[in-house]
Amino acid sequence: MAAKEVSAGIFEITERGGKQLATINLVPGASVYGEKLIEIKGCEYRIWNPKRSKLAAMVIKKFNIPIKRDSKVLYLGAASGTTVSHVSDIVSDGIVYAVEFSPRTMRDLIGLCDERPNIIPILADANRPQAYAHIVEEVDVIFQDVAQPNQSEIAAVNVKRFLKSDGHLLLSIKARSIDTVANPKKVFKEEVRKLEHDFDVGFEVLDSRELMPFHEDHLGVMARVRPAL
Amino acid sequence: MKIITWFGTLTLDDNGKLLEWDLFQKDTNVLAESLVQPKETEIDIPPAGFNLRAVAMECGFVASNDEYNNLLRDVSIRAAKQQISSGTPDMGVIQAVEALDDIDETTNTLSERLAEWNGMYFPEVGLSSEPLARFVAKYGSRSNVLPDDNLYEKATSSMGAELTGLDEKLVKGFADNICTLYDSRSRIEEYLVKSMEITAPNLVNIAGALIGARLVSMAGGLEKLARFPSSTIQVIGANRALFKHLRARAPSPKHGIIFNNPIIKNAPWWQRGKISRAFAAKITLAVRMDVYSGELNESIKTELDAKIESIKAANPRPPKRENKNKNKGGKGRKQKAGGRR
Ligand SMILES: C[S@@+](CC[C@H](N)C(=O)[O-])C[C@H]1O[C@@H](n2cnc3c(N)ncnc32)[C@H](O)[C@@H]1O
């Protein structure tokens, strides 16, 4: 068994010929959502299933993940914290601001925050960043997985307010929540076009790939704010 | 410029430089309390790119990054716990649904009055309910109708009396009031859609926001609804139709309010029973999912669609046996269990 770091804090574990993603458990002994724990050379890893996480799928799809050990991350659409928990592992010296608007889901997320030192739970609608502007500081990375028809607008308003000028946006775009019938490829193209042209922040899309076969009809996007000329 | 942050109120100069500060008491409870206060105005929130952390250290609120993180974490957790426990959001939904019903009842009565009243002056108008109220509120007397309005012809050739002076004021004001109620109705509907999407995404995905809200309201809350068997969900809301049936000899109800969903309503009568059973079963599942996880799970909808397709495929034609069960499925159009919406 061996662990190879493929991106800061993200490991590829080879076990009996099979490869799996994993992060180092920030709270050793605790499994968050039933994921397997593996110990290698005195270090405990949590297996990270790309089918359960858009971010993990993006890692496998070879996105150049900009999250570092000391990154500050704004996570929009935290849900019960499946992916947030791995981000929390990665940014062991950083902090995750986790925004979720469903009170019931928030209940589980709070449970996770109670056990981990670096997640700030925020019950709010990501459409209204002014509702959490008195809590959230400027961040290095915004990760967004909200599955809403206006995903790119949500990204734009949050980037404008919270992303550092050299920061990155990671976005999971779900075709079906934008248009249930249209061809996903068309929807993706239109969303990327919107990101690049429709907002006053002006995005530069650095990378975009579909998250098949882990997530059907989902596009992963990495972007930054276009530097001023 | 004054801004509010999670640790205090700050005064900045035009260049964003810190002039004065008024820090909150450094106590988790106090800080959490102020965190949950709704911040509605754009004015007092920090400008984009404002460095909260550096300022918190500059005014001596915290001494280190770690202290900042730990305190903010404790405060946010406390605030979030407070927010999710302070009254279940379904209570808002229940009140809103009942308010809709009250408004419907009131607007019906008032609109009938308006129709009769206005009928003295413009009997040919051919409008009722909301369109009528909007029309009268806009013009008052028919002599004010503009040529580009498609009622212009009728208005100029009407047999009705002149509406002038105090009478016009009264009728117009009355119509205005009705319009206000319709406005309020649509705001309540918007609120319902929004809060249902947040609290019960799966139920909304299957039944739609308004029917979902009605189910929650009739059950007395989402958690109560989650405990109902699907056979009950299928007929919730039928009792109102039942009273109507007893009172006014309306057809007896076979489905509850879920019948208002086009999936069932638009199906041919011989498929409705089966479809509404499948529908109710998936609603039950969806509601439980909402209560126990709160996350949207698309597969319920996919399964429902597949199930409905298979019902349609298996029952393409009405059953043969004629006379005996003639009225079993109702004859469609007339049957409207659950009534309005
Ligand atoms: C696909 S799930 C996210 C799953 C999560 N990222 C993970 O991998 O563990 C989408 C979540 O976004 C939340 N959401 C949707 N719209 C939102 C909004 N406007 N503001 C905040 N959260 C939102 C939903 O309640 C849901 O929990």
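The values are calculated or read from the model by the stated rules, or taken from the named source; none is laboratory data. Predicted, not measured: the structure shown is a model, and the values here were computed from it. For neighbour counting, all protein chains shown are included, and Cβ atoms are generated from backbone atoms with ideal geometry for every residue, glycine included.
All conditions in (1) outside any loop (DSSP other than H, G, I, E, B); (2) more than 9 Å from the ligand (Cβ to nearest atom) hold for residue A:84, with the sole exception of (2). Look at the range A:153-180: where a residue is within 12 Å of chain B (Cβ to nearest Cβ) and a partner is within 11 Å of the ligand (Cβ to nearest atom) and assigned to a helix (DSSP H, G or I), sitting 6+ places away or on another chain with Cβ atoms under 6 Å, you get A:157/A:129; A:158/A:129; A:161/A:129. Looking across the range A:140-158, just one residue is near the ligand (Cβ under 10 Å from one of its atoms) and small (Gly, Ala, Ser), and that is A:147. Out of A:56, A:30, A:78, A:22, one residue alone is part of a loop (DSSP other than H, G, I, E, B) and crowded, with 23+ Cβ neighbours inside 10 Å. It is A:78. If you go through the range A:1-22 and pick out every residue that is more than 16 Å from residue A:50 (Cα to Cα) and of a type in the set (A, V, I, L, M), you end up with 4. Among residues of the range B:9-36 that are assigned to a loop (DSSP other than H, G, I, E, B), those with a beta-carbon under 7 Å from a residue that is of a type in the set (Gly, Ala, Ser) at least six positions away or on a different chain give the pairs B:24/B:8; B:24/B:34. If the condition is being more than 10 Å from the ligand (Cβ to nearest atom) and either modelled with pLDDT under 95 or assigned to a loop (DSSP other than H, G, I, E, B) (or both), then the range A:87-107 contributes A:91, A:92, A:93, A:94, A:107.
Applying the selection to the range A:176-193, what residues are of a type in the set (A, V, I, L, M) and either in a helix (DSSP H, G or I) or surrounded by 15 or more Cβ atoms within 10 Å (Cβ to Cβ) (or both)? Explain how you work it out, then say what you get.
Of all residues in the range A:176-193, those of a type in the set (A, V, I, L, M) come to A:178, A:181-182, A:187, A:192.
Listed by number, the residues that qualify are A:178, A:187, A:192.
Scan the range A:36-53 for residues that are more than 14 Å from chain B (Cβ to nearest Cβ), touching a Phe, Trp or Tyr at 6+ places or on another chain (Cβ under 7 Å) and within 16 Å of the ligand (Cβ to nearest atom) and the total you get is 1. Residues in the range A:122-147 that are among the β-branched types (Val, Ile, Thr), assigned to a loop (DSSP other than H, G, I, E, B) and touching a residue at least 40 places away in the same chain (Cβ under 8 Å): A:136, A:146. Filtered by the rule that a residue be buried (at least 22 other Cβ atoms within 10 Å of the Cβ) and within 11 Å of another protein chain (Cβ to nearest Cβ), the range A:140-152 gives a lone residue, A:146. Find the residue count for the range A:82-100, including only residues that are out of contact with any Ser or Thr (no Cβ under 8 Å at 6 or more places or on another chain) and more than 10 Å from chain B (Cβ to nearest Cβ). The number of residues fulfilling the criteria is 6.
Only residues that are more than 9 Å from every other protein chain (Cβ to nearest Cβ) and modelled with pLDDT under 85 were counted across the range B:42-81, and they come to 1. Please work out which one of (1) more than 12 Å from the ligand (Cβ to nearest atom); (2) more than 20 Å from residue B:36 (Cα to Cα); (3) touching a Pro at 6+ places or on another chain (Cβ under 9 Å) is the condition residue A:110 fails and give its number. Of the numbered conditions (1) more than 12 Å from the ligand (Cβ to nearest atom); (2) more than 20 Å from residue B:36 (Cα to Cα); (3) touching a Pro at 6+ places or on another chain (Cβ under 9 Å), the odd one out for residue A:110 is (2).
Filtering the range A:111-132 to residues that are of a type in the set (A, V, I, L, M, F, W, C) and surrounded by 23 or more Cβ atoms within 10 Å (Cβ to Cβ) leaves A:113, A:119, A:120, A:122, A:123, A:126. Filtered by the rule that a residue be within 9 Å of chain B (Cβ to nearest Cβ) and not β-branched (Val, Ile, Thr), the range A:101-115 gives A:101, A:102, A:103, A:104, A:106, A:107, A:108, A:109, A:113, A:114.
Only one residue in A:176, A:161 is within 13 Å of the ligand (Cβ to nearest atom), among the charged types (D, E, K, R) and at pLDDT below 95, so which one is that?
Details: A:161 fails: within 13 Å of the ligand (Cβ to nearest atom).
The conditions single out A:176.
Can you list the helices (runs of 4 or more DSSP H) lying wholly within the range B:164-233 that have 2 or more residues being polar (S, T, N, Q) and out of contact with any Asp or Glu (no Cβ under 7 Å at 6 or more places or on another chain)?
Per the criteria, B:165-199.
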